[in-house]
Structures are given as structure tokens and as C-alpha cells.
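Remarks on the structure that follows.
We did not get these values from a lab; they are worked out from the coordinates using the rules stated. Keep in mind the model is a prediction, meaning the values are calculated, not measured. Heads up, the Cβs are rebuilt from the backbone with ideal geometry, glycines too, and the neighbour counts pull from every protein chain shown.
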Amino acid sequence: MKNVRIKEFEDFYGITIPSDFENGEKVVELFLELSSKLNMAMGELKEDDFHQFPTIGIVYQLINRIQEQLQGAFINICTKNHASSEILSRTAIESAVNVLYFFKDDTESKVFAWLKKYIEEDKQHIQDWEQSLKTLDKQQIHAPKIAVRQSLNLEKESFVNQYIDEVKKVLSIDDSVRLPQKILKKFQEVGEETTYHTVYTRLSAMTHLNAEDTISYMMAKVYFDKEKQIQMGLEHCAFSEYMCFYAVLFYANTIEKFLMKYAQFQDAKIESLREKILSIMNDMGKKWNW
């Protein structure tokens, strides 16, 4: 008999977790339990909490985006689209690192710096877009679109500034805070530099279509018999699943920090869920000699 959450997950997305997705059902169940903990914690917060921490809603929405990215990764694996799942796993890990970086200290000032950084970068992209139009024909075609984008940018900038000004009436915000330009710095700040140099760079390389998989494919065709080629393909699928599970660990970390900061308690069950995922991953590593 399937777990109720698993059945609801499958029915909602119109999928079935296949039997050859080894440990897939177990990890999806753990993932859904983590998501439930986040939603329960958010529902139990009091009005005073939102006055004390005015960016709760933003951080909650960001963690929900990680949840959606992981749901997509699971669905891709369940529908035999393992390569696509790696892109979502990479996105989920990077998103989680950003959230963990916000949690490290002075969350409110960092979140506001993040909002303002988007406005400035968007403004620069619009200027670069305008300057890239070398011919009159292109300028005429793109001018109305640029005008719309500029207007939207100004509207967003006004909204963000009003929001920050309102918060400043009740909370001290450090306007000098600037976010690191490179994601590596954020990995370092949250104590995950090794993850950056191993998992994240590997997934990023695949996202940017580097030569690793192609070289492996060529070597398999030259050096391996058919049976070994099939085995290599199965290992690639297992690696995609492993990366998805790795991203779930980062998701768990963001929820743990959310509870500690906003609900002021450390849920021992999250550590238990994390240990179960790690145990599954360790078994996978032994099976494939990783």
C-alpha cells in the first residue's frame, strides 16, 4: 500500500514513480515530509513574527521555489528525462545556497540588497539591449519593447523602494550590504566550498553542455562492449538520481534554518530525515564505486 502523500503526489502530476527509480519513492516521501514541516511552521507564525522579521514571506517563497524545482527534478526522472533533472537539481542547490547565505546573518539587509541588485541588473540589461541594436530597422522594431521593459523596471523599483522605506520605519537596515558577485563566495560563506568544487561545478558543466558526457560516450563506443555501454548508461541515470537526492539535502538545510530563525526551535526530525537520505546516497556510492 502506497503512502498517502506519495499517492497524492503521483495523482497531482499524473505520474507513477517507476520501480527502477531505486529509492525514488523513499526520497520523495522524505521530501514531502520536509515540505509539510515548512508549511506547518509558516502557518503557526504569529503577527508579531512578521513585524520582527518582515522578509519571512520572501524567504518562504524562495524555499517554495526550491520545492518546485525539486518536484520538477523528480518528475523528469520518473518520466525517463534524467539529463533534464540535473539542470533542476543544480538550480535547487544554487537557490538553497542563496537562502542559506541570507540566513547566515543580517537576513533582512541581505534580502533587500538582493531585491535592489535585481533592479540594477535589469536596468543594465535594458541599456545593453538598447546599445546592441546597430541598425535603424532593429531600433524601430525593438524600441516599443524596450519602452515597456523600462516602464516595468521603474514600476518595480518604485515598489521595492516603498517596501524598504516602510520596513525602515520599524527596523534598522544596513544599506551598505552588497551581495557577492560570484556564487563561489556564497558557497564558502555557508561552509559548502567542497560542494561547489565537486557537485555544483559538475552539474553546471552539464548545464552548459561541456564535453564530459560526449567523451565518455566516445570512449564507450571505442573501448566497451554492448553490455558495458548499457552499464555506463545505467550509471549515468543513477548519478542524476544521486544529484537530485543531494539537492534534497540542501532543501532540508534551508527548512532547518527557517525553523531555527523564525520559529525559534530546532526540529530533531529534520536531522533524522537528512540521515535517511544520506544513508541512501552512501549505499548508492558503494554500489557504483563512487
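In terms of overall dimensions, segment 107-176 has a Cα radius of gyration and Dmax of 15.8, 51 angstrom. Given (1) 29; (2) 15; (3) 25 as candidate values of percent of Cα pairs over 36 Å apart, which corresponds to the one derived from the coordinates? Evaluating percent of Cα pairs over 36 Å apart on these atoms matches (1). Considering the options Tyr60, Asn153, Ser216, tell which one lies farthest towards the positive end of the dipole of the chain, charges being +1 on Lys and Arg and -1 on Asp and Glu at the Cβ, about the Cα centre. Checking the options against the dipole of the chain, the answer is Ser216.
Here the 3J(HN,Hα) profile of segment 186-200, calculated from phi with Karplus coefficients 6.51, -1.76 and 1.60 at θ = phi - 60°, is 5, 4, 4, 4, 9, x, 10, 4, 4, 4, 4, 6, 10, 5, 5 Hz, Gly and Pro shown as x.
The protection proxy used here, the mean number of other Cβ atoms lying within 10 Å of each residue, ranks peptides 50-57, 169-176 as follows, highest first: 50-57, 169-176.
Pairs with C-alpha atoms separated by more than 31 Å, drawn from the list Lys182/Lys221; Lys46/Lys156; Lys37/Lys185; Lys117/Lys276, are Lys182/Lys221; Lys117/Lys276. Among Glu235, Glu86, a tally of other beta-carbon atoms within 10 Å of each Cβ gives an order, fewest to most, of Glu235, Glu86. Largest mean-square fluctuation among Leu249, Leu136, Leu88, in a Gaussian network model of the chain whose springs join Cα atoms under 10 Å apart, belongs to Leu136.
Sequence-ordered 3J(HN,Hα) estimates for segment 134-147 from the Karplus curve with 6.51, -1.76 and 1.60 and θ = phi - 60° stand at 8, 10, 4, 4, 5, 4, 5, 5, 8, 3, x, 5, 5, 4 Hz, glycine and proline given as x. The distance linking segment 193-250 with segment 6-66 is 27 Å (Cα centroid to Cα centroid, whole angstrom).
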